[in-house]
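Here's the structure we're looking at; comments come further down.
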Amino acid sequence: MNKTISSWRQRLYRQFSLMLANQPKLGYYLLPLLHWNKPQWHPDYHSASVVDFCWETDQMLSVRLKPAASWSGFTPGQHILVTLLHQGRYISRSFSISSSAALFAQQKQILISCRIQPQGEFTKALASDISGLTELSISDAMGDFVLAPSADSTGLTSTVMVAAGSGITPLWSMLSSIRCWTSPVVLFYSVKNAAQAAFLAELKLLAAKQPLFELRLIETEITGRLNLVQDLATKADFSMTQAQYYLCGPAAMSQHCKEQLIQQGVPADAIHSEQFGFALTAVEGEMKQALILQKGTEIRIEAAAGVPLLQAAEQQGLNPRFGCRIGVCFQCVCQKKSGQVLNLRTGQVSGDGPEQIQLCISAAHSNLQIEL
């Protein structure tokens, strides 16, 4: 009943805002005025004060934030969209929360940790601006990559986690939030070398204190890439089909591990994954024409094969709605009227008829007509 009332109120507020200011939120109408006092403020998100920052490694920056009281919290493993006003425009990126549930419960603070990518606009901007930043904008927490209440409750006897690089962030949030250890957990942490392993000291301390937790550090420049099935076969008294799995890292790594496990008889629903990047490399190819229908106006853009339609639209001056930019939150879903798109996460090519697509993970496979 309460949810129905809340939904009704949201629809009423939206209609009132559209009637009064031709905007879905009154905040959009007031945005230019409010920016005089709070340039970082955005009507779609919550403000978050920058409390502190530190470098976990020479490539990974952690930022401690205190969200506004309007932010409702998170479940370990979830991610948020972080928005930064940089050089006069908003840029956004999705990050997993890397802190424990206890930090938010006790101090109303969270931690985000990001690897600074040489080609990444957001992470480079964050690193360069961080010393002068006082606040950021963040979305509500989202995503279902969260730890099941108990392995025992599903008939499973243990948990296997696999992290590669910055994929450690949601898994460390999960591990540091466990208060009652009831079954074994093993973490395979794959990095180039130990110097690039964020939270390594904390993980080693947890392994020393908690007998049910095992840490296996894979330094790829020394031992080569992780072979999950082979390494699990060396564990005593371990059954692959009686464990639940959490995989977080590059799309290719997650997909390879999942295929290996399924070949060993592990049920697909026992494998949970959160991947970053695309399964396919976004290499520019033949240009396609995309006819965008937006509020009754027709706009024609050039869309390169292999480049997300969201990126192509933004490069040509459009501002489609988006959220995580990695195909998780579905905020950029729109209606494709005709033409084919390539899903950059799965490699699948769509049909030629009408259907809903996600702009952030879809690339033009033919000429298109899209309604935003």
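The values are calculated or read from the model by the stated rules, or taken from the named source; none is laboratory data. Note that the coordinates shown come from a computational prediction; the quantities given were computed from them, not determined experimentally. Glycine also receives a Cβ, built like all others from the backbone with ideal geometry; neighbour counts cover every protein chain displayed. Ligands, DNA and RNA are stripped out before the accessible areas are found, and what is left, the full protein with its side chains, is counted by its heavy atoms. Shrake-Rupley method; radii C 1.70, N 1.55, O 1.52, S 1.80 Å.
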- [ ] Just subtract the alpha-carbon distance of Val333 and Gln348 from 0.36 nm times their residue separation and send over the number in nm, one decimal.
- [x] 3.7 nm
- [ ] Sticking with the crude label model, points 7 Å out along Cα→Cβ, report the distance from Gln315 to Glu298 in nm, one decimal please.
- [x] 2.4 nm
Task: Segment Trp181-Lys204, length gained on full extension (0.36 nm per residue, minus Cα span) - done: 6.6 nm
Task: Relative pair counts by distance (%), Cα atoms of the range 213-372, 5 Å bins - done: 2, 8, 15, 18, 14, 10, 9, 8, 7, 5, 2, 1, 0
Open item on the list: Taking 45 Å as R0, compute the FRET efficiency from the Cβ-Cβ separation of Ile130 and Ala305 and round it to 0.05.
Closed with: 0.80
Task: Distance from the range 122-192 to the range 54-93 (C-alpha centre basis), Å - done: 14 Å
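Per residue Cα convex hull volume for the range 151-275, in cubic angstrom?
Working: hull volume 13.1 nm³, N = 125.
It comes to 105 Å³ per residue, whole-number rounded.
Where the only charges are on Cβ atoms (+1 Lys, Arg; -1 Asp, Glu), what is the dipole of the range 185-227 about its Cα centre, to the nearest 20 debye?
40 debye
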Task: Proximal charge balance of Gly167 [Cβ under 15 Å; K/R count +1, D/E count -1] - done: +3
Open item on the list: Using a 1.4 Å probe on the protein heavy atoms, what percent of the accessible area of the range 133-269 belongs to carbon and sulfur?
Closed with: 52 percent
Open item on the list: Full-extension gain between Val51 and Thr223, please, as 0.36 nm times their residue separation minus the C-alpha to C-alpha distance.
Closed with: 58.0 nm
Task: Whole-Å distance, taken between Cα centres, linking the range 207-249 and the range 324-360 - done: 35 Å
Open item on the list: Exceeding 28 Å between C-alpha atoms, which entries from my cross-link table qualify? They are Lys66/Lys124; Lys192/Lys235; Lys108/Lys258; Lys124/Lys209; Lys204/Lys235; Lys124/Lys192.
Closed with: Lys108/Lys258; Lys124/Lys209
- [ ] With the Cα gyration tensor of the range 199-247 in hand, give its eigenvalues times 5 under a square root as the equivalent ellipsoid semi-axes, listed largest first in whole angstrom.
- [x] 20, 18, 10
